[in-house]
Amino acid sequence: MRDFTCPNCGQRLAFENSVCLNCGSSLGFSLDDMALLVIAPPEESEHAGAVDESRFQLCANMHLAECNWLVEKGPIAKLCVSCALTRTRPNDADTIALAAFAAAERAKRRLIAELHELKLPIVGRDEDPQFGLAFDLLSSQFEKVFTGHHNGVITLDLAEGDDVHREQLRVSMDEPYRTLLGHFRHEIGHYYFYRLVSTSRDYLTRFNELFGDPDLDYQAALDRHYSEGAPPGWENEHVSSYATMHPAEDWAETFAHYLHIRDTLDTAAAFGFAPATATYDRRVLGPSGFDTLIEMWLPLSWALNMVNRSMGRDDLYPFVLPPAVLEKMRFLHAVLDEITSDPKKLAEVGAPSPEQKQQLG
């Protein structure tokens, strides 16, 4: 994540700011610019870093989801790119769930910004009604809600927004890490398996070699995992115990950790304690690109863990990356690099397949 500053006065800002506390300027986040811009009167909007308040305003979810993203003005209040992907949310009377909804949307905006930085296609349900991306953010207070992914729809139990509930689950499931952003990064991995890997014979062949057969019986794998747990020695082949459950979960966990690493490196570089080459806008090229990322990540994560311990906190990144996991992540990096650097491939990934088009009529 970038080191944001107020275009008007230079005050440092956080990604979530909608007002500069130093000069009082109204601010909005522009995904295209990856910057916070001043929302100014027409006569003051011509300078760099400003937008015309007669043409732009904050997302319609400004209050409901605490969204600070810019949208163009129109006769009807508009949702930003991130909020528009949410298909279902709690009703207005459920104030407890709505508070958790705002926290979930904050995490989702970070996810969408990172996907944009990586140049990954975000195909919504409006473009691809069968397999497009959508989010159902639901409360399990009165009904059962299972966090997961199905045909492009990511469901999140908003109870995960409650720190006590989430920590209880983390401890009971013997997990070293559990966050809203982590859930989103994991579930989006399932979505991108379909978008990036499942339609390529070459990618699928390599996937099978590294992760296993993605078509294995998922319910049987789920039952086995929760009855028997992870197999002995899983740490040598997987990034987490949950990744051992099924090849699809191994991919999603690996994808999540790749996003963890890339975004943390980008943020560290923005604040000067990682090399400039760690940022998204300084693309690491060629077969050595992934090795370069890991060479930057390992000392940084070690240092951050030691800083956390000095504050009496648990490790920031409590994971080990054995050679087998790095090889899986290298494959993922290669897929992303090949597709996002080729406009033709990127266009194909971002469009429904011929079979889907036929099914959609």
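Summary table
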read-out: Label-to-label distance, nm, for residues given as Ser288 and Ser26 (7 Å Cα→Cβ offset); value: 5.1
read-out: Note, ³J(HN,Hα) from phi for segment 115-121, Karplus 6.51, -1.76, 1.60, rounded to Hz, x at Gly and Pro; value: 4, 5, 4, 7, 6, 7, x
read-out: For Arg2, distant residues with modelled amide H under 5 Å away; value: none
read-out: Segment 85-208: relative contact order in percent, alpha carbon pairs under 8 Å with at least 6 residues between; value: 24
read-out: Cα lying deepest toward the dipole's positive end in the chain, options Val81, Ala334, Leu158, charges on Cβ; value: Val81
read-out: Within a Gaussian network of the chain (alpha carbon springs, distance under 10 Å), most fluctuating of Ala77, Ala100, Ala278; value: Ala77
read-out: Where GluC sites (Glu not before Pro) fall in DSSP loop in segment 120-171, at most 12 other Cβ within 10 Å; value: Glu143
read-out: Using alpha-carbon coordinates, inclination of helix 247-270 to the longest axis of the chain, degrees; value: 40
read-out: Cα gyration tensor category, rounded, prolate or oblate, for segment 81-229 with a/c compared to 1.5; value: oblate
read-out: Mean Cα-pair separation over length for segment 85-350, i.e. relative contact order, pairs under 8 Å, 6 or more apart, %; value: 17
read-out: Positive-end residue, segment 4-79 charge dipole about Cα centroid, Cβ charges, pick of Asn8, Cys23, Ala65; value: Ala65
read-out: Unit charges at the beta carbon, dipole of the chain: most positive-side option, Gly49, His186, Ala303; value: Gly49
read-out: Per the chain, cysteines lacking a partner by the 4.7 Å Cβ criterion; value: Cys83
read-out: Estimated dipole of the chain in Debye, rounded to 20 [Cβ of Lys and Arg +1, of Asp and Glu -1, Cα centre]; value: 420
read-out: Gap separating the Cα centres of segment 211-257 and segment 129-202, nearest whole Å; value: 16
read-out: Cβ-Cβ FRET estimate between Arg55 and Asp281, R0 fixed at 25 Å, reported to 0.05; value: 0.40
read-out: Antiparallel DSSP beta bridges within the chain, as percent of all bridges there, nearest 5; value: 50
read-out: Area projected by the alpha carbon convex hull of segment 4-79, averaged over all directions, nm²; value: 4.8
read-out: Choice from Lys144, Lys119, Lys108 with maximal GNM fluctuation in the chain (Cα, 10 Å cutoff); value: Lys144
read-out: Residue with peak Gaussian network fluctuation, the chain [Cα springs, cutoff 10 Å], from Ile154, Ile122, Ile96; value: Ile96
read-out: Cα long-axis angle, helix 323-340 against the chain (0 to 90 degrees, to the nearest 10); value: 50
read-out: Sequence-distant lysines (8 or more away, or on other chains) whose Cα lies within less than 28 Å of Lys144; value: Lys108
read-out: Dipole moment magnitude, nearest 20 debye, segment 103-258 about Cα centre, only Lys, Arg, Asp, Glu C-beta charged; value: 480
read-out: Extension reserve of the Asp223-Asp315 stretch, reckoned as 0.36 nm per residue once the Cα distance is removed; value: 30.0 nm
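Read-outs throughout are calculated quantities, based only on the coordinates presented, and are distinct from any laboratory measurement. Predicted, not measured: the structure shown is a model, and the values here were computed from it. Don't worry about glycine lacking a Cβ; one is built from the backbone with ideal geometry, like all the others, and counts go over all protein chains shown.
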